[in-house]
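The structure under discussion appears below in the form of structure tokens.
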Amino acid sequence: MDCTAAGCLPTYIVLGAGKTGTSSLYGYLSGHPSILPAVQKQVHYYKYSYSSGQKWYRAQFPPASSFSESASPPVIATGEAAPGYLPYPYAAARIRADYPSLSVKLITSVRHPLERAFSSYKYTYLPGASGKKSGYVVPFATFLSAELDFLESDCLSPGGLAELAAGGEAYGGPAEIRPRHNVVQGCYELPSASAAKAKRAGPGGQWAGIKAEHPDAILNAGAEYLTAALVGRGLYSYQLSWYAGAFPKDSLYVICSEGLREDPAWEMERLGSWMGIEAGWGDWGEIVKVGAFNVGGGGEGYTKVTEWEKAGQVGLHDVAEMGLGEELMARVREVVRAERARLNEMREQGLFWGEDCGWE
Ligand SMILES: Nc1ncnc2c1ncn2[C@@H]1O[C@H](COP(=O)(O)OS(=O)(=O)O)[C@@H](OP(=O)(O)O)[C@H]1O
């Protein structure tokens, strides 16, 4: 471990994309006797608090005296999970700069992009969840359709916003790991010259048609960073490619959130052994019995645990409830198929550990 008088750097970091099961992942890891939690799940250092400095960051984790390789069981790991790291290439560059020996273990969970999008949408816009602003509540299908148009025409097209925003100030990292696509920032967030160049208003360009038709549409309710890119955040492969470029192949572990729902003990055993946690040191089966974290979102939902019996089909929504017509559903499936194929291609190149998530 990298410890100084100021404290220890985490041995693992969960790179969240938002709404992909990271609260459970962090909750289970923190439940193991060989892994100590941070002072809070969402330290957010590499996104919001980098200017606080590394001394501050080290103080977010237990001191060196808390770890011992000779204890029984050994206590050898600590870490944090943040929903906002994966989509931002500057987070990859910052993490790399903080770990010159590239020794940190990077874990991310990916979830069926449609389920992820609906979870974000519900969390922010549905009555009760949003309730923050009054106005026209844009149906999920309308958001999706507008975003798919935008992805095709402006964002992912050759020379589009995602490419234009790769590198440059938004990134700020070394040239050799410069991303080829910066989807979330480039297409949804930067009020940049690149957006103007592509003749979009940006940010919010994906909503141009919705704004014109419904001037009272609620667009920026609450966690806008989660909802501006309902589909874009689920294009994990583009985001993972920065980490794959910045770290050795065996530093990255990708877990399917569907696996974490269906057989959490097995998933955690596999992940634990990749992290160097030996089988006899703790009982993952017992640890995951606690339930599922952050089901249905809400406030600081990442600390909320729902017993498995009450959680129902965690992370599986009724497609009928989403209100997508056949044509839109077919478009979504095409995007999901392409994303699954890109992830599998990276996996086959040995870029990260994990399995095909089997998304349809
Ligand atoms: N064990 C397990 N396996 C798979 N999926 C799970 C699990 N536990 C929680 N969840 C679902 O993950 C969603 C919350 O994700 P996050 O914790 O990453 O959200 S956040 O971005 O930190 O707010 C949230 O999805 P929704 O309920 O659809 O909102 C959780 O239900």
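The values are calculated or read from the model by the stated rules, or taken from the named source; none is laboratory data. Fair warning: this is a prediction, and the values are worked out from it, not measured in the lab. Methodologically, a virtual Cβ is constructed for each residue, glycine included, from the backbone with ideal geometry; neighbour enumeration extends over all protein chains shown. Side chains are part of the model used for accessible areas, which takes the heavy atoms of the whole protein and leaves out ligands, DNA and RNA. Shrake-Rupley method; radii C 1.70, N 1.55, O 1.52, S 1.80 Å.
Could you sort 146-158, 80-92 so that the peptide with the highest average Cβ count within 10 Å comes first and the rest follow in order? Provide the component values of the computation, followed by the final result.
On the way: 146-158: 18.5, 80-92: 25.2.
Ranking, from highest mean packing down: 80-92, 146-158.
Can you tell me the dipole magnitude for the chain around its Cα centre, using point charges on the Cβ only (Lys, Arg +1; Asp, Glu -1), in Debye to the nearest 20?
That gives a dipole near 1020 debye.
Based on the inverse mean of 1/r over its pairs of different Cα atoms, what is the Kirkwood hydrodynamic radius of the chain, in Å? Each step should come with its number before you reach the end.
Working: mean 1/r = 0.0477 Å⁻¹.
Every distinct Cα pair counted, the radius reaches 21.0 Å.
Here's how it looks for GLU355: its modeled amide H is under 5 Å from those of CYS256, which are all 5 or more places away or on a different chain.
Can you give the FRET efficiency for ALA141 and VAL39, using 1/(1 + (r/R0)^6), R0 = 35 Å, r = Cβ-Cβ distance, to the nearest 0.05? Intermediate results must be reported in sequence, preceding the final value.
On the way: r = 41 Å, r/R0 = 1.17.
The value I calculate is 0.30.
With θ taken as phi - 60° and the Karplus curve 6.51 cos²θ - 1.76 cosθ + 1.60 applied, the whole-hertz 3J(HN,Hα) list for the range 46-62 is 6, 9, 9, 10, 4, 6, 5, x, 5, 4, 4, 4, 4, 6, 7, 10, x Hz, x standing for glycine and proline. Considering only DSSP beta bridges with both partners in the range 3-348, what is the antiparallel share in %, to the nearest 5? Percent antiparallel among DSSP bridges in the range 3-348 is about 25. Here's how it looks for LYS105: its modeled amide H is under 5 Å from those of TYR12, ILE13, which are all 5 or more places away or on a different chain.
Given their separation in residues at 0.36 nm each and the Cα-Cα distance between them, VAL319 and ASP356 gain 11.1 nm when the chain is fully extended. Taken along the Cα-to-beta-carbon direction at a fixed 7 Å, the label points for ALA71 and GLU278 span 1.6 nm. Stretching ALA175 away from TRP266 to a fully extended chain increases their span by 28.9 nm, per 0.36 nm per residue minus the current alpha-carbon distance. A simple rule links phi to the HN-Hα coupling: the Karplus curve 6.51 cos²θ - 1.76 cosθ + 1.60 with θ = phi - 60°, which for the range 3-19 gives 10, 10, 4, 6, x, 10, 7, x, 8, 9, 9, 8, 8, x, 9, x, 6 Hz, with x for Gly and Pro. Relative to the longest principal axis of the Cα atoms of the chain, the long axis of helix 89-98 makes an angle of roughly 20 degrees. Under 5 Å between amide hydrogens, built in the peptide plane, is the criterion, and for PHE293 it picks out SER24, THR306 among residues at least 5 positions away or on other chains. Rolling a 1.4 angstrom probe over the protein heavy atoms with all chains in place gives the chain an accessible area of 42 Å² per residue.
Which entries of LYS105/LYS304; LYS105/LYS249; LYS122/LYS310; LYS47/LYS289; LYS19/LYS304 show an alpha-carbon separation above 21 angstrom in the structure shown? Write out the running numbers ahead of the final one.
Details: LYS105/LYS304 26 Å; LYS105/LYS249 11 Å; LYS122/LYS310 19 Å; LYS47/LYS289 32 Å; LYS19/LYS304 14 Å.
Listed pairs above 21 Å: LYS105/LYS304; LYS47/LYS289.
Just subtract the alpha-carbon distance of ASP250 and ALA6 from 0.36 nm times their residue separation and send over the number in nm, one decimal.
85.0 nm
Roughly how many percent of the accessible protein surface of the chain is carbon and sulfur, given a 1.4 Å probe and a whole-percent answer? Using a 1.4 Å probe with all protein chains present, the chain comes out at 51 percent carbon and sulfur.
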